[in-house]
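The values are calculated or read from the model by the stated rules, or taken from the named source; none is laboratory data. Here the structure is a predicted model, which is why all the values come from computation and not from measurement. FYI the Cβ positions are ideal-geometry reconstructions off the backbone, even for glycines, and counts take in every protein chain you see.
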Amino acid sequence: MSKDNSQIKKTKPLARKKTLVAYSFILPNLIGFLIFTFIPIVFSLLLSFCEWDSGNPIKFVGLKNFIVMFTKDSSFWIALKNTLYYTIVTVPVTMAFALFLAILMNKPLKGRVFFRSVLFFPYIASLVAVAVVWMALFNPDRGPVNSLLLAVGITNPPRWAASTTWAMPTIIGLTVWKGMGYYMIVYLAALQGVSAELYEAASLDGANKWKQFLHITWPSVTPTTFFILMMLMVSTFKSYDTMYITTQGGPGEATKVLAYHIYNSAFVSSKFGYASAVAMVLFGIIMVVTLIQFKGEKKFTSYL
Amino acid sequence: MKKRRLLAGLLAAVMAVGMITGCSGGSSTSSGKSGGNEKVTIKVALWDYSNTKYYKTMFDAFTAKYPDITVEPVEFAADEYDNTITTQLGGKQDFDVVFTKGTPALSALIAQGHVLALDDFIAKDTSFNKDNYLGLIDQLQMDGKTYGVPFRKDNNLIFYNKDLFDKAGVPYPQDGMTMKEYHELAAKMTSGTGNDKVYGAHVHTWPSNVYNYARRTESFDQLNKDTYMNLKPYYEEILAMQDEGLIQDYGALKSSNIHYSGVFYNQQAAMLQIGTWFINMCLENVKDFNWGCCSVPNEEGMGNTNAVGGVTPIAIGAYAKHPEEAWKFITTVCGEEGAELLANTGIVPGYNSDKINGIFDAIPEKYPNAPEKLSNYINVEKYVIEQRMSKKTKDIDTIFQEQHSAIMTKSVTIDEGLKKLIERVSEVEAQ
């Protein structure tokens, strides 16, 4: 240790050494990030101005991909609309369920650990398995859900994934059910950080449960809400696996989302340039939404 | 302390180097095998190798014939084969032989320049006779060049459960039925309710399970939008059958991913329209009832002259190291030797000859519950490819799948669906 002390006087070389060691620790991860994330993103950006079918040489075409996308590809608009629909419904519904469940699970309930595990289970289960079960539950002719609806006297139950109107709600239901357990845990952590004194004081002042929620719980978990909002938004915008497993974008184009359109353009139609252009639009949307949220977070959590 | 830090730095550096080399190590190992004197290893890209017996038999037979050529199968998952092979060839993988799943996949590979034209090989090879392929070699052309040799071909037939027909006292389906007759037959054969229900027919969920009726008589062609409206009577008939409960509902089939084979094996449907690969499946799986087949119905009452279906062509990879040896491989497995092996398992080879027909006609000797004279449905006058070769075939196929699901779930009317089909295909053509 004394040796170390003597070295402090010669601060500069030491600091540099420390920095170098720090960099060397970051380096492996950074190299991984560069090779597997950053370079592909830059490549994709460049590709969005080109035509490439993976075989013939890459050809620069300027803005052609974007012009085709906006003016000649009706599928793009349908996919964009579906993506917005999916995101705008999935995100608030998931958050509402997650918060509600977190508040319930935060109470001294008997068998609390068991219920928490049950609610968390869909999140850790494989999407493929969960989706197959979900589709079986919502089978339009033989599914238990429709059997139940028929039994309670609903004569024309929705045809779920087999109907253009109900296919998206069916998938949204699956997404919400699968994801809410995870966000419940995140909310739970936030709730446990809220001081019990606040609630005590409020109840002494005569605030009912709803008032307590509105004026204590909700403001206290705002940073968490923003975090969840952002994570959920990004993940739903990018979502494609659920549709791929359940409906393949159908019936018709009812559940075709942007990420699915990208997959189709790239790996089915081999239009890698065009797919990159759509991916850039999706990237742009996610970036704008995220930036707005960053701004919003600063504004709305300033009281903390 | 200093030493420890140095060590840490070193470790980190080693980790970094390890990561870089770690990810490039995988691909370079396989090529260095062919060191021996003029022994050549050809790489063959295909799917289902490990669970299909005849591939191995066939490859062994090939190696016995050409001892200097070793075959190295490279297997990819069946479901994503088309996309995987495109990506692999995009990375300039040196596959010598490339199995493709059909005309849309082959068309795409041609457009991308991932496969070689075979015309020179065909011209040089005097033993190769394209007349043995029922005109399919010419149908596999694009831009005037040939790129594939049919390994298998599978036309569509109506398979039926003879026992169910006997029990109901209804005559078997015949060649040259009209759609209406088919519909009426299905109505007669539907019985029971709930779990005991036997459906008159089964319509699988592919678009081709409807359009092939019209394609067989050539009144429909995916590459000609003017013919799309001709699908209307066929959709009307199939949807009517669905409404009357004579076939299982499309949406239910999709939601539960039901495979047509189980429905037929378990005697839940009296008739099934599917490709001739089902002959092999029936031979292996149907033990407790007699089955038969006939040509698919159509509005024109066409008998057994035309057959409609897909082809499984084999091509030579554009980055092949041994194209000459690849051609030898192709002519062997797609020639008489390969064809015999296939025919013996009940799979219809691309190659046609009297001998092959004889093998199919001899099937009932070994499998008494199989139909007589199967060659009637294999040795046909004209073999119509369900999806013609074109750069746009794959895109058009995607659109058909989308609109087919919309029509079959009755999310749109038939007219709306077909109109949308025309619009979307025009869009693709314009791009």
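Below, the figures for the structure above:
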{"read-out": "Which listed residue is under 30 Å from residue B:111 (Cβ atoms), more than 10 Å from every other protein chain (Cβ to nearest Cβ) and either free of Cβ contacts under 8 Å to residues at least 40 places away in the same chain or of a type in the set (D, E, K, R) (or both), from B:382, B:373, B:392", "value": "B:382"}
{"read-out": "Residues located in segment B:188-232, provided they are in contact (Cβ under 8 Å) with a residue 24 or more places away in the chain, in a helix (DSSP H, G or I) and within 30 Å of residue B:168 (Cβ to Cβ)", "value": "B:189, B:208, B:209, B:210, B:211, B:212, B:213, B:214, B:216"}
{"read-out": "Search result, residues across segment A:70-84 that are buried (at least 19 other Cβ atoms within 10 Å of the Cβ) and farther than 12 Å from residue A:257 by Cβ", "value": "A:73"}
{"read-out": "Count of segment B:279-303 residues which are surrounded by fewer than 21 Cβ atoms within 10 Å (Cβ to Cβ), of a type in the set (A, V, I, L, M, F, W, C) and in a loop (DSSP other than H, G, I, E, B)", "value": "3"}
{"read-out": "Options B:99, B:121, B:128; residue that is buried (at least 16 other Cβ atoms within 10 Å of the Cβ) and modelled with pLDDT of 95 or more", "value": "B:99"}
{"read-out": "Residue among A:160, A:177, A:210 that alone is more than 12 Å from chain B (Cβ to nearest Cβ), within 30 Å of residue A:243 (Cα to Cα), out of contact with any strand residue (DSSP E or B) (no Cβ under 9 Å at 6 or more places or on another chain) and at pLDDT 85 or above", "value": "A:177"}
{"read-out": "Candidates B:402, B:427 - the one that is surrounded by fewer than 22 Cβ atoms within 10 Å (Cβ to Cβ), without any contact (Cβ under 8 Å) to a residue 40 or more places away in the chain, within 14 Å of chain A (Cβ to nearest Cβ) and acidic (Asp, Glu)", "value": "B:427"}
{"read-out": "Residues of segment A:200-228 satisfying the condition of being over 32 Å from the mean Cα position of the chain (by Cα) and either part of a helix (DSSP H, G or I) or loosely packed, with under 12 Cβ neighbours inside 10 Å (or both)", "value": "A:200, A:201, A:202, A:203, A:204, A:205, A:206, A:208"}
{"read-out": "Residue check, residue B:155 among the polar types (S, T, N, Q), crowded, with 16+ Cβ neighbours inside 10 Å and not in a strand (DSSP E or B)", "value": "no"}
{"read-out": "Pair list, Cβ under 7 Å, 6 or more apart: segment B:64-83 residue within 14 Å of chain A (Cβ to nearest Cβ) and under 22 Å from residue B:324 (Cα atoms), other residue loosely packed, with under 15 Cβ neighbours inside 10 Å and among the hydrophobic types (A, V, I, L, M, F, W, C)", "value": "none"}
{"read-out": "Selected residue (criterion: surrounded by the fewest Cβ atoms within 10 Å (Cβ to Cβ)) from residues of segment A:229-283 that are charged (D, E, K, R) and away from chain B (no Cβ under 12 Å)", "value": "A:241"}
{"read-out": "Pairs where the first residue, in segment A:124-141, is assigned to a helix (DSSP H, G or I) and crowded, with 16+ Cβ neighbours inside 10 Å and the second is modelled with pLDDT under 90 and basic (Lys, Arg), C-beta under 6 Å, 6+ apart", "value": "none"}
{"read-out": "Among residues of segment A:28-68, those that are under 22 Å from residue B:108 (Cα atoms), within 11 Å of another protein chain (Cβ to nearest Cβ) and not basic (Lys, Arg), counted", "value": "9"}
